[in-house]
Amino acid sequence: MLGQKSYEEIYQDLNNYYSNKDKNKWRNNFHIEMPFGLVNDPNGLSYYDNKFHIFYQWNPFGCEHKTKHWGLVTTTDFVNFTKPKIVLKPEEWFDKNGCYSGCGLVKDDELKLYYTGNVKGANNERESYQCVAAYHKDGTIEKQGVIIEKQPDGYTAHFRDPYIFMENKIYYMILGVQNNELKGKVLLYKSKDAINWALFGELKTNMQEFGYMWECPNIVKVSEDKYAFVFSPQGLDNEEFKYQNIFQSGYVIGNLDLKEIELKNHSEFKELDMGFDFYAPQIFNQDNKNIMFGWIGLPDKDREYPTSEHGWMYSLTMPRVLEYKNDVLYQKPFRKLENLRQTQVVNTKNLICDDYKLKLDSRCVEIILNLDMSKTNFTEVKFKFNDEYILLTYYKDTQICTIDRTNMCLGGKGIRKFKLEVNDELKLNMCIDNSIMEIYYQDGIEVTTLMYFPKEEQLEVQIKNDNRVKINQLYVWNLRSVKYE
């Protein structure tokens, strides 16, 4: 037993929860979160046995970053999910202090789960083991032990988060590491069978001084000759329009030369999400689409999430499809999420008014808003909850977009600023849940994810600018709650 409860009691609590759904106003309807405990990194994302398998870090015993397990839900349509279950428990000598992040690989008609086993000694010294388990179609799981016992010379025990990709019938595993000079790097291992792994080398990039640790690395092919290296660096200095969170997640795109172990001609680092609450993304491929989930939360910011007082913390983002064009990654909601649309409550085109107010009966909505900016410099969209509000503003002349939640009473506050190029039309796709907003700008060239905790239930959206408001398109759908069965 790792917590105050047994696993039998945990499953009984899960069954009780889904039989008597929590009515808390911050409970999300269509984002994956747990009835209790702390959720963080998405792991092992896979399409296996004709189902999407979504694994994630979960401490089912409390709202602390301890006793990390792997939880699992599966779905075919992103409306109907299986009830959460625990698939990896920190019970072995090589993972006794946590089954940390990793990936999934479908091979030989089974799903291999690769993860980092975290072990801490009597004086809190860290040991990291790269491990594998086999997940079978009948739902059983078999831990198969350690495949990489320790970090190579020249690196600290911050050595974790395996992610596997294949090139020319060779498997490559990329791992986030910290070298002895306390700089973030990634290492590559390679294997012919995905079982026996040999050190290949450190991936060379142009980022020599770029934080003290690189977590959750991914390498994905985005075009015929381009690869995206996606990772979460820690230790970047804040700037006015970037690196505004405690830790970041983003990518560079270049030519992957595996002979030289180098990502050549790569772009500058670009953040994946300019909001307040996004970290540790993971990508998997299905039907030639790169699909990404992220963690809605941040390390070392637990005090900003008041749901902990009610026994649960954090969620996963909706799945996003990554599209490579114009040398960057665009993000769009996965098309299957349209299954969540229930009732269309607004369908408006070519509306001109002094300002616009929309009172909604639900905080679970999708809003597609296209605003004419041809004769306008300034626009604001206010999400109002009685006397509280979140403010989105855009200035066309400076190309500055801001998200401001300083006027919310509970949770994290502050402002996030980023540059956004808009010509004649500002395009927003806003997916709003009871305590989460995901906003896609200009077809997904930028995204902001944030949590919010209003005291009141109602939501009113107000739009105004420095001229008359001209709405080219406004579509609003109520979104259904997903089901766990």
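Taken together, the values in this text are just the output of simple stated rules run on the coordinates, not laboratory data. Just so you know, these numbers come straight off a predicted model, no measurement behind them. Methodologically, a virtual Cβ is constructed for each residue, glycine included, from the backbone with ideal geometry; neighbour enumeration extends over all protein chains shown.
For the chain, the longest principal axis of the alpha carbon atoms and the long axis of helix 7-19 meet at an angle near 20°. May I ask you to list the residues of segment 296-336 whose amide nitrogen lies under 17 Å from a point 7 Å from Cα along the Cα→beta-carbon direction of THR76? So the set is 336.
How long is the gain from ASP287 to GLN344 if the chain were fully straight, where each residue apart is worth 0.36 nm and the alpha carbon distance is subtracted?
On the way: separation 57, 0.36 × 57 = 20.52 nm, distance 2.92 nm.
Full extension of this stretch gives 17.6 nm more.
Amide H neighbours of LEU272 under 5 Å, counting only residues 5+ apart in sequence or on other chains, H built in-plane at 1.01 Å? The answer is SER249, GLY250, TYR251. Annotation: amide H-H contacts under 5 Å for GLN473 (H modelled 1.01 Å from N, sequence separation of 5 or more, or interchain): ASN350, ASN370.
In a fully extended conformation the segment linking GLN4 and GLN399 would gain 137.0 nm over its present Cα-Cα distance, using 0.36 nm per residue.
Taken along the Cα-to-beta-carbon direction at a fixed 7 Å, the label points for LYS190 and GLU239 span 3.4 nm. Say the dipole of the chain comes from +1 at the beta carbon of Lys and Arg and -1 at that of Asp and Glu; which of TYR356, GLY311, LEU392 then lies farthest toward its positive end? Working it through, the farthest residue towards the positive pole turns out to be TYR356.
Using the Cβ-Cβ distance between LYS483 and TRP93 with R0 set to 45 Å, the FRET efficiency from 1/(1 + (r/R0)^6) comes to roughly 0.70.
Determine the gain in length on full extension of the stretch LYS455-LYS137; use 0.36 nm per residue of separation and subtract their C-alpha separation, reporting nm with one decimal. Could you put the intermediate results ahead of the total?
Details: separation 318, 0.36 × 318 = 114.48 nm, distance 4.39 nm.
Separation in residues times 0.36 nm, less the Cα-Cα distance, equals 110.1 nm.
Answer rounded, prolate or oblate for segment 352-405, using the Cα gyration tensor with square roots of eigenvalues a ≥ b ≥ c: rounded when a/c is under 1.5, else prolate when a/b is larger than b/c, else oblate. Judged from the Cα gyration tensor, segment 352-405 comes out prolate (a/c at least 1.5, a/b above b/c).
Placing unit charges on the Cβ atoms only, positive for Lys and Arg and negative for Asp and Glu, gives the chain a dipole magnitude near 720 debye about its Cα centre. Quick check: the distance between the Cα centres of segment 296-310 and segment 417-468, to the nearest angstrom? Each part reduced to its Cα centre gives a spacing of 22 Å.
For HIS310 and ASP387, FRET efficiency with R0 = 22 Å and r from the beta-carbon atoms, rounded to 0.05?
So the FRET efficiency works out to roughly 0.45.
Packing, taken as the mean count of other beta carbons within 10 Å per residue, orders the peptides 350-359, 125-134, 331-340 from highest to lowest as 125-134, 331-340, 350-359.
So what is the calculated 222 nm ellipticity per residue for the chain, using -39500 (n - 2.57) for each DSSP H run with n of 4 or more, over all residues, to the nearest 500 deg cm²/dmol? List each step's numbers first, then the result.
Numbers: 1 runs with 13 residues, N = 485.
It comes out at -1000 deg cm²/dmol, rounded to the nearest 500.
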